[in-house]
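Step one of this worksheet: look at the structure below.
The values are calculated or read from the model by the stated rules, or taken from the named source; none is laboratory data. No experiment lies behind these values; they were computed from the predicted model shown. In this analysis, Cβ positions are derived from the backbone assuming ideal geometry, glycine residues included, and neighbour counts consider all displayed protein chains.
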Amino acid sequence: MKDTTATISQKGKSPSSQTIVKAAALALLVSSATIALDAARTPAHAQDGGVTWLDTIAVVGTRTETSVQDNPASVTVVDQEEIAKKSGESIADMLRDVPGVEVVDDSIPGMKRLSIRGESSRRVTILVDGQEITDHSNYGTPILIDPSNVERIEVVRGPASVLHGAKAIGGVVNIITKKGADKPVQFETGGTYYSGTAGWQGWAAVSGTVGNFDYRFSGSLDDHGDRRVPDGRYTSTGRLEDTPFSNDYLSAHLGYTFGEAGNHYIAVKAEQHRLSTKSWIGEIDPSITHFSIDLPQRDRRKVGIYYDGKDLGPVIKNVHLDAYYQTVDRLFMNDVETYTPAAPPATPFATTTRVGSTSDDKNVNFGGTAQVDMQFHPDHYTIFGISYLSDQLSSAKDTNVYNSIARPTPPGPLNMYVHAKSLNDATIDTVSGFAQNEWSFHDDFKLTTGARYYYTSITHDKYMVGSAVSPIAPPAAPGLASGTTSPDKSDGRLVTSTGLTYTGIENTTLRALYSEGYITPSLVQMFMLTSGGGITINGNPDLEAETSRSFELGARYNTGDVIIDGTVFYTQAKNYITTTPDPAGAIGDLTYVNANRATTYGLELAAEYTIPGTALTPYVSGAWMRRMIEMEEATFSWSTYNSNTPALSGRFGVRWQGEVANHNAWADLYARVGSGAKQTTWSATDGFETDSVPGYATLNFAFGGSFGGEDDDRFRYAVNFNNILDKEYRSSLAELPGIGRSVEVSLRMKF
């Protein structure tokens, strides 16, 4: 049935909503600037020697060391202190409260991803120490790295393809891992218990610095059972079936500092992450008698080498070089059985169909980046760089189909067994050059302009296919014959960005930014055949790149005890890739096409106020967002705001920090809220359908502290009471139902 918020128009005519959207965005921009100016005129009580999160230095926003306060981009940094307080089982959980960021897992526990400003996680670039993790799937890159090995996390919200690669339509997440400790030998260990999954996580590391060498070796294990959720819409037993998962992680770091001034540094890092998980199925059609998804292998291995030279001369300031090699091995298994009872005369006999499919993939990527920072003039700071990325995917698909029509004897049941196999190899090679100039043309103004040119070469290296049919028993594996590969193709694309900051108001930075995003189709979307849940999706080698343009205004105000960071943004994206019935395929097959557009606008806010004379800090962080998707079907176009994007999401509360029983302590009472989400889809068989999850609010309390040692942090503990009122909720249709009332207890020690 057609949803009332879905607007239909004739093919070739898009809904006339641009004027309304632009007017709303302009009103938000004006109101945000007014709030910032009013705040700048209000007296505030500064903390003596206080350092705030706006003072934190970040690299990800400009590829230069710039404080969050003065960054032209929408940047958030989560430092090691905050990571230690949060006992989440993944890096994604550490970023859940960043304005404009949503955690998604597509019903696969332990494989959490991030959506930024409504963009799917496939359109978010994930970097580890500045090097990209690629993942050719329809869901995007999962963040598979041990939180205990992370120094800090930097996030850019909004398009950032000029500086950080051809996937950054929604944003960028850069995870910086730890180096060696200051002392010759330091041993660390820790663990967390999660009552919501009856799970645990344990880790240990040894690190240090000896002379000019520094090192760190670490490892972790974790294991989780089915998650506990309140009885209700999603379960009657209090547990979600098929939601256990387990991880293990190993990492090594070796670094060496050299040069008379100690301004040269070279490092080698290696890591391995292995994940085994399943998928929560949820409600299924009554005709499906069996459905399972198993992901027993998700292994990532990476080796990277890095060089940094600092303060090298009056013109050449810094030089950065890095290179890496990475593999991702993944195994996906899907088993579906359906039963259709006899219903004469349309279906005179009952029919049983069972489909088992396996996908065994290997993703290999390697590349590197060279960057030179130069200062030809005191008012100009310029960077030049070049990057190369080779992204290869080998995929082996295996499908077994059993179909039985239960005719009476004689003549007996009519059976058919089909065994199909295919092999695909494809590669994307990307070379890009980038430049950025920071021009301080006035004491209070800085103009940052950047550009990047991408040249992409795409090859379909191998395609082999075979099938076998038998009416008696499952046939042996079929032989493979060479199929038709797609012609090689290439693409060139220029993306740009321009940012302006103004610091002429005391304690305040005003900023404006225009940025562009760009993402090539994945190798799966172009060349691979994907089977799952009885649906077959064929690749389309003629797909074009997705692109976006974003405009934003922001204001940051910081006196130490009053901190405000607000942003309004407006983004347009086009050539979105979606699926449609494949006219060249079998009945029911789908294929990928460029058919959709998106318009997103909203407001992001993070603010806090430390009450003078107390250790209490009320705070709020969150986002208001609207996202309209425009769809192109074969004979008509339609649009909807039901894009699975919560209109409002965030966190508010009050925290305390002080001293108790001769140790540093903190406490935090807060609520997480979301307005719910709706998603409207259309299909030729069912027409318009809308799925939804209601709004929610959870009450939470956390406390912890540190004590012992020279820095009073030899021992750290944290206790998190989550969803105290045991509310049933789901933040969006792209995330598993939330865990009910639970506690997480973590302890860290170092010697």
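Starting from residues that are of a type in the set (A, V, I, L, M, F, W, C) and at pLDDT 95 or above, keep the ones in segment 667-686 and report whichever is farthest from ASN642 (Cα to Cα).
Residue satisfying both the conditions and the ranking: ALA667.
Every residue, every condition in (1) over 30 Å from SER522 (Cα atoms); (2) modelled with pLDDT of 95 or more; (3) in a loop (DSSP other than H, G, I, E, B); (4) in contact with a His (Cβ under 9 Å, 6 or more places away or on another chain), yes or no:
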| site | (1), (2), (3), (4) |
| --- | --- |
| THR353 | yes, no, no, no |
| ASP391 | no, no, no, yes |
| LYS397 | no, no, no, no |
| TYR402 | yes, no, no, no |
| THR409 | yes, no, yes, no |
| ASN415 | yes, no, no, no |
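Table: residues versus (1) within 30 Å of ARG716 (Cβ to Cβ); (2) buried (at least 17 other Cβ atoms within 10 Å of the Cβ).
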residue: TRP638; (1), (2): no, yes
residue: PRO646; (1), (2): no, yes
residue: GLN657; (1), (2): yes, no
residue: ALA667; (1), (2): yes, yes
residue: TYR670; (1), (2): yes, yes
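Can you name the residue in segment 220-235 that is touching a residue at least 60 places away in the same chain (Cβ under 8 Å), of a type outside the set (Ser, Thr, Tyr) and over 20 Å from ILE724 (Cα atoms) and is also surrounded by the fewest Cβ atoms within 10 Å (Cβ to Cβ) among such residues?
Among residues in segment 220-235 that are touching a residue at least 60 places away in the same chain (Cβ under 8 Å), of a type outside the set (Ser, Thr, Tyr) and over 20 Å from ILE724 (Cα atoms), the one surrounded by the fewest Cβ atoms within 10 Å (Cβ to Cβ) is HIS224.
Please state which of the following conditions ASP360 fails to meet, knowing it meets all the rest: (1) free of Cβ contacts under 8 Å to residues at least 40 places away in the same chain; (2) in contact with a strand residue (DSSP E or B) (Cβ under 8 Å, 6 or more places away or on another chain); (3) not β-branched (Val, Ile, Thr); (4) not in a strand (DSSP E or B).
That leaves (4) as the condition not met.
Look through segment 540-565, keep the residues that are surrounded by 23 or more Cβ atoms within 10 Å (Cβ to Cβ) and not aliphatic (A, V, I, L, M), and return whichever of them is nearest to ILE587 (Cα to Cα).
GLU546
Quick test for you: out of GLY262, GLY255, GLY238, pick the one residue that is touching a residue at least 60 places away in the same chain (Cβ under 8 Å) and surrounded by fewer than 18 Cβ atoms within 10 Å (Cβ to Cβ).
Details: GLY262 fails: touching a residue at least 60 places away in the same chain (Cβ under 8 Å); GLY255 fails: surrounded by fewer than 18 Cβ atoms within 10 Å (Cβ to Cβ).
On inspection, the qualifying residue turns out to be GLY238.
On the given criteria, is SER732 of a type in the set (Ser, Thr, Tyr), touching a strand residue (DSSP E or B) at 6+ places or on another chain (Cβ under 6 Å) and assigned to a strand (DSSP E or B)?
no
Check ASP285, ASP299, ASP311 and return the single one that is in a strand (DSSP E or B), without any contact (Cβ under 8 Å) to a residue 60 or more places away in the chain, more than 22 Å from ARG227 (Cβ to Cβ) and acidic (Asp, Glu). Lay out the reasoning, then the answer.
Details: ASP285 fails: in a strand (DSSP E or B); ASP311 fails: in a strand (DSSP E or B).
The conditions single out ASP299.
Can you work out which of the residues in segment 136-177 that are surrounded by 24 or more Cβ atoms within 10 Å (Cβ to Cβ) and among the charged types (D, E, K, R) is farthest from the chain's Cα centre (by Cα)?
Step by step, filter segment 136-177, then rank; the result is ASP146.
What residue, among those in segment 83-135 that are assigned to a helix (DSSP H, G or I) and among the β-branched types (Val, Ile, Thr), is surrounded by the fewest Cβ atoms within 10 Å (Cβ to Cβ)?
Taking the candidates together, the pick is ILE83.
So that you can scan it fast, the table gives a plain yes or no per residue for (1) more than 15 Å from ASP398 (Cα to Cα); (2) part of a strand (DSSP E or B); (3) touching a helix residue (DSSP H, G or I) at 6+ places or on another chain (Cβ under 7 Å); (4) among the acidic types (Asp, Glu):
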{"residue": "ALA420", "(1), (2), (3), (4)": "no, yes, no, no"}
{"residue": "THR427", "(1), (2), (3), (4)": "yes, yes, no, no"}
{"residue": "TRP439", "(1), (2), (3), (4)": "yes, yes, no, no"}
{"residue": "THR448", "(1), (2), (3), (4)": "yes, yes, no, no"}
{"residue": "TYR454", "(1), (2), (3), (4)": "yes, yes, no, no"}
{"residue": "SER457", "(1), (2), (3), (4)": "yes, yes, no, no"}
{"residue": "TYR463", "(1), (2), (3), (4)": "no, yes, no, no"}
{"residue": "SER467", "(1), (2), (3), (4)": "no, yes, no, no"}
{"residue": "ALA473", "(1), (2), (3), (4)": "yes, no, no, no"}
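Residues PHE715, PHE707, PHE721: which one is closer than 23 Å to TYR193 by Cβ, touching a His at 6+ places or on another chain (Cβ under 8 Å), surrounded by fewer than 18 Cβ atoms within 10 Å (Cβ to Cβ) and free of Cβ contacts under 8 Å to residues at least 60 places away in the same chain?
So the residue among PHE715, PHE707, PHE721 that is closer than 23 Å to TYR193 by Cβ, touching a His at 6+ places or on another chain (Cβ under 8 Å), surrounded by fewer than 18 Cβ atoms within 10 Å (Cβ to Cβ) and free of Cβ contacts under 8 Å to residues at least 60 places away in the same chain is PHE707.
From the residues in segment 492-504 that are closer than 19 Å to SER440 by Cβ and touching a Lys or Arg at 6+ places or on another chain (Cβ under 9 Å), which one is surrounded by the most Cβ atoms within 10 Å (Cβ to Cβ)?
For segment 492-504, the residue satisfying everything is SER497.
Checking PRO618 against (1) crowded, with 18+ Cβ neighbours inside 10 Å; (2) at pLDDT 95 or above, only one condition comes out false. Which one?
Of (1) crowded, with 18+ Cβ neighbours inside 10 Å; (2) at pLDDT 95 or above, only one is false for PRO618: (1).
So for segment 162-183 (the condition being at pLDDT 90 or above, among the hydrophobic types (A, V, I, L, M, F, W, C) and part of a loop (DSSP other than H, G, I, E, B)), does at least one residue qualify?
Yes, some residue in segment 162-183 is at pLDDT 90 or above, among the hydrophobic types (A, V, I, L, M, F, W, C) and part of a loop (DSSP other than H, G, I, E, B).
How many residues does segment 566-590 contain that are hydroxyl-bearing (Ser, Thr, Tyr) and surrounded by fewer than 20 Cβ atoms within 10 Å (Cβ to Cβ)?
Quick first cut of segment 566-590, residues hydroxyl-bearing (Ser, Thr, Tyr) only: 567, 570-571, 576, 578-580.
Narrowing the set further to residues that are surrounded by fewer than 20 Cβ atoms within 10 Å (Cβ to Cβ) leaves 578-580.
Final tally of qualifying residues: 3.
Looking at segment 60-82 only, could you name the residues that are assigned to a loop (DSSP other than H, G, I, E, B) and closer than 21 Å to VAL568 by Cα?
Once the filter is applied, which keeps residues that are assigned to a loop (DSSP other than H, G, I, E, B) and closer than 21 Å to VAL568 by Cα, segment 60-82 yields VAL60, GLY61, THR62, VAL68, GLN69, ASP70, ASN71, PRO72, ALA73.
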